[in-house]
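Below is one structure, written out as structure tokens; comments come after it.
Laboratory data are not the source of any read-out in this text; all were calculated from the coordinates shown. None of the values given here were measured: they were computed from a predicted structure. Note: ideal-geometry Cβ built from the backbone for every residue, glycine included; neighbour counts use all protein chains shown.
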Amino acid sequence: MALNSLNSLVPIFFMCVTTLFAFDADSSKITINFAGDVTFANHFEYYVGNRWNYPFKKFPEFAKADLSVVNLENPLTLRGIPAEKQFNFRARPEYTKVLKAGGVDIVNLANNHIYDYSQQGLFDTIHFLEQAGIRHIGAGRDRDSAREPVLVRIKGVRIAFLGYYGLRPHSGSHPATADSAGTALRYLPYIKEDIHAIRDSADVVVINFHWGIEKEHKPEDDQIYFAHKTIQYGADLIVGHHPHVLQGIEKYRDGLIVYSLGNFIFGGNSRKHEKTAILQIQIDSSSKRIITHQMLPVQVDYWQPRLLNGVQKQAFQDSLAKYSSYLKQNKR
């Protein structure tokens with residue numbers, strides 16, 4: 001569902017840092033979908049071209065939901081200086097039409113490719129997303145704007161979104177500073193401060209972390225520690241991505257941690273067939289809490305996702321149970 005009318009009853013704090021939206025109440029439940037890495041560069045562009053409706057043609061789930069969120073892992077630009085690294089991604093600005101056609105409302109920009117074409121590429125991305133009415137988290141013109149939350153009101157429930165990437169500067173990490181652009185650094189004092197700043201104005205707090213080791217189905221011990229501390233600070237849901245494969249789910253205290261959603265529509269490589277998943281949560285509008293969550297198995301063929309059913313769905317569920325069993329908290 002696309003974000004719509006501006007709510008006039010925004011608290012003063014959020015008038016300074018984000019925009020609050022209101023949705024028409026038509027149910028007691030709020031459905032939010034999350035997907036992992038999305039890259040419209042390279043092989044995606046070669047195959048899809050200008051077919052804006054093609055990628056989500058068999059996947060109406062995002063458009064049906066109250067809100068849908070992905071990790072956008074390329075700048076939307078035709079400009080900028082390429083970073084000195086092995087892989088640089090960028091996509092045509094018109095691919096905001098793909099996001100809109102698919103029902104994507106918010107994108108996370110806190111990742112290792114959003115700065116592939118320098119500050120210019122990031123600025124262009126922000127411009128074209130805002131022009132299309134798509135909200136973004138995790139990167140900005142300076143440290144404050146990179147850490148700026150998006151707060152959405154749906155059916156009376158206030159939901160805050162934040163995104164973080166990187167522990168230090170390196171070839172793929174350009175953390176924003178007080179006077180330079182980049183991503184929001186995955187730094188516990190920042191995260192604690194940001195959650196505490198919004199906790200009284202948000203019923204549900206969602207954190208995106210771009211992290212982990214590529215191709216590994218197990219999170220590192222420091223990620224688990226980091227996730228637990230973030231839940232202790234007041235987050236309700238942590239959504240992870242970057243490893244390009246699925247990792248397990250963990251319940252910790254009153255929070256939910258999904259360590260990696262893997263790839264979704266990832267044009268950065270030539271792989272034409274891929275199995276992945278989306279996370280779907282439901283929030284009760286009365287209790288204002290997450291009441292259900294499920295991982296929906298997805299088959300992606302030629303950068304076009306569709307839900308899996310039957311034997312393939314069961315095989316996926318078995319794999320996810322195995323990955324989740326690696327987590328100590330699930331064994332208690």
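Could you please tell me the mean projected area of the C-alpha convex hull for the range 12-331, averaged over all directions and given in square nanometres to one decimal? Before the final figure, lay out each step's value.
Working: hull surface 60.8 nm².
Average of the hull's projected areas for the range 12-331 equals 15.2 nm².
Find how many whole Å separate the alpha carbon centroid of the range 64-130 from the alpha carbon centroid of the range 271-308. Using only Cα atoms to place each centre, the spacing works out to 21 Å.
Among the DSSP beta bridges whose two residues both lie in the chain, what percent are antiparallel, rounded to the nearest 5? Roughly 55 percent of the DSSP beta bridges within the chain come out antiparallel. Looking only at Asp301, Asp124, Asp179, which one moves most when the chain is put into a Gaussian network model with springs between Cα atoms under 10 Å? Sorting by GNM fluctuation, first place goes to Asp179. Summarising the amide proton neighbourhood of His136: residues at separation of 5 or more, or on other chains, whose placed amide H is nearer than 5 Å comprise Val107.
Measure up Lys251/Lys288; Lys97/Lys229; Lys229/Lys272; Lys218/Lys275; Lys100/Lys155; Lys215/Lys322 against 26 Å on the Cα-Cα distance and list the ones that go over. Mind showing how you got there, number by number?
Numbers: Lys251/Lys288 18 Å; Lys97/Lys229 38 Å; Lys229/Lys272 38 Å; Lys218/Lys275 17 Å; Lys100/Lys155 22 Å; Lys215/Lys322 16 Å.
The answer is Lys97/Lys229; Lys229/Lys272.
Shape index of the range 38-81: Rg/Rh, with Rg the Cα radius of gyration and Rh the Kirkwood radius from the inverse mean 1/r over Cα pairs, equals 1.02. Centroid-to-centroid, using Cα positions, the range 154-197 and the range 201-225 are 13 Å apart.
Under a GNM of the chain (C-alpha, springs under 10 Å), which listed residue has the highest mean-square fluctuation: Pro60, Pro305, Pro243? Per the Cα network of the chain with a 10 Å cutoff, Pro60 tops the list. Restricting the trypsin sites (Lys or Arg not before Pro) of the range 36-132 to loop positions (DSSP other than H, G, I, E, B) with no more than 16 neighbouring Cβ atoms within 10 Å leaves Arg51, Lys57, Lys58, Arg79, Lys85. Taking the chain as a Gaussian network, Cα atoms linked when under 10 Å apart, which of Arg153, Arg306, Arg271 shows the biggest mean-square fluctuation? Largest GNM mean-square fluctuation: Arg271.
In plain terms, the chain from Ser270 to Lys97 could stretch by 60.0 nm, reckoned as 0.36 nm per residue minus the Cα-Cα distance. Count Lys and Arg as plus one, Asp and Glu as minus one, and take only other residues whose Cβ is under 11 Å from that of Asp105; the net charge is then +1. In this structure, the amide hydrogen of Gly234, modeled 1.01 Å from its nitrogen in the peptide plane, lies closer than 5 angstrom to no residue at least 5 positions away or on a different chain.
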